Amino acid sequence: MALPLFAQANPDGFIEHQVRQGDTLERLSTDFYGNTKLWAELQKYNRVSNPRHLQPGSILRIPVKFLPMQSAEVSFVQGQASVTTQPGEQATELKAGQKLNEGAEIKVAPDSFVTVKLADGSLIRIQAQSDVQLQQLRRKGRAGSLQSVLEMQKGSVNATVGTEPDPTRKFEVRTPRATTSVRGTTFDVSLTDSGSALSSVTQGTVAVQGSDKAGAAMINEGQGVAVSSDGQLGQAQTLLPSPDLSKLPDTMEDSNFLSLQLDPVQQASAYQVQVARDESMSEVLRSGTFTTAQVRMKLVDDGDYYVLARAIDGQQLPGMPAKRKLKVKTQPPPPLYQQPAPGGTTSRTSGSLQCTPVSGVQTYRIQVATDAAGFAQPLLDQKNTGDCSALLSSLPVGSYLWRAASIRQLADGTPDQGPFAKPQAFKLANNPATPDLSALNSPEDNPGLHLQWSGEADQTYRLQLARTEDFAEILTDEKLDKPMWDSTDVKPGAYYVRIKTHDTATGLESPFSAARLVRAAAEVQSGYGVPLTSSDGEPLTRK
């Protein structure tokens, strides 16, 4: 017989059992405790005069404290989390694979995440800035259903309890304002800063009761409910629909941040986004709540992931989830564009596309197309080993886009191409007519260093220049408002440059890019492009 959902939430710590024909205290002791000898405890607790003759339909109370204790296991930890195993003990670092017994209290730090697996396979996903205690971990008999109670003082949990509803299983999440009880479902419980308790169900059914005990509500799939700070149960309401993730690119190639542009959901006040290694979202690496549909998080390593997004309504209830696969591929980083300048013109016969070498990269791939769609079948698709450049004599005069990517060699010899840099426009023109030799013209040059790279309007940059790849001695350290840098003060020669990006909207900052080798041209050169120097070896300059 299925037990009432709140029968096992009794603060006295007992399970109510309705006596059936043939029940005896010995049989019930075996069923619940796995030990026939505890029938005397049941007799004393219930004041039963004849343990072999119980009245069918009557109610017996089964003390929880005699149920066999079970343990849970920490299956995943991201970031920082601590555990206190016994009251009064000092907290220690929580680690994956650690066994937890009844009474363990888990505290999860900001930007962190923990998954705990119970003995019956149920998963408890504890979100950042949460305080959760495993108040009860008991099993009904030696192989019966698990009886579990979580006490949450702060934060949020997401739980998947079994794969099928089980009327004998108990799983409760208790907060200071509400108790949420389930049989087999996926649901969320969270506490707001104002003290309200929120429950939302994405699969199955839960029962929610406020601390005022005025009543309980059954919350079905796609619904949520709020319990106010004074313990009053609100009305069940429909959750916001899941965001549309179909327009997200299959592969994320931004080497600075993990940027996702969600489709806005009507009536959404915010969006909750998580990135995990697994489809069950039990190994979350990144998690955040964002006030707009533009999401930007710290970058994760190259690999395959799952992204889950939910719209949050005005009561802070998270809506139905949307999930899809996501590939991150940012390495090796693309080279920087060196010449021509963005939108600049270069010679069809003598000009070339130039980009900066990347440390650890052997080959560069350069493509040219008339527009962004044309890169599916580019007019020029060239791979060069050791030289990040491409000649343009095979192309007619006109306007183009070009892009470049790095190709490194893996340990097994397999080539590994990184993402292309964002396309940059340029124009191709014929050289002007040969000038009259009676007029002396200095050779065309571009002294110093002139760099450009792709960026966004709400980003600033920090550029460092050094003679050596380890940047042991930094010659230049500048903050830039635009994705370009020009300097004519740099002496001719080879240098290394690295750049980091600061996102002003979120305050996030990328790590420095891989070092790029650049060469500064001389201000005065010979007709063959060789720098001219004075008698003391210093480069000549124009006066």
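Details
- Summed side-chain charge close to A494 - residues other than A494 whose Cβ falls under 12 Å, Lys, Arg +1, Asp, Glu -1: +3
- Highest mean first, the peptides 411-418, 247-254 sorted by other C-beta atoms within 10 Å per residue fall in the order 247-254, 411-418.
- Quotient of Cα Rg and 2.2 N^0.38 Å for segment 314-361, N being how many residues it contains: 2.25
- Taking the Kirkwood radius as Rh and the Cα radius of gyration as Rg, the chain has a ratio of Rg/Rh equal to 1.18.
- Expressed to the nearest 5 percent, the antiparallel share of DSSP beta bridges inside the chain is 95 percent.
- Every Cα-Cα pair of segment 224-320 was included, and the share exceeding 19 Å stands at 47 percent.
- Diffusion coefficient, µm² s⁻¹, Stokes-Einstein with Kirkwood Rh over alpha-carbon pairs of segment 265-336 at 25 °C and 0.890 mPa s: 185
- Computed [θ] at 222 nm, deg cm²/dmol, the chain (DSSP H ≥ 4; -39,500 (n - 2.57); rounded to nearest 500): -1000 deg cm²/dmol
- With a cut-off of 12 Å between beta carbons, the residues surrounding D381 carry a summed charge of +3, where Lys and Arg count +1 and Asp and Glu -1.
- The aspartates and glutamates within cross-link reach of K298, meaning a Cα-to-Cα straight distance under 14 Å and a gap of 8 or more places when in the same chain, are D111, E253, D254, D503, E509.
- Subset of K383/K422; K37/K117; K325/K482; K329/K427 violating a 23 Å alpha-carbon distance limit: K37/K117; K325/K482; K329/K427
- Among residues other than G155 with Cβ under 10 Å from its Cβ, the summed charge is +1 (Lys and Arg +1, Asp and Glu -1).
Where a number appears in this text, it was derived from the coordinates with a stated rule and is not lab data. Note that the structure is a prediction, hence the values are computed from the model and not measured. Cβ sites come from the backbone with ideal geometry, for glycine too, and all protein chains shown count toward neighbours.
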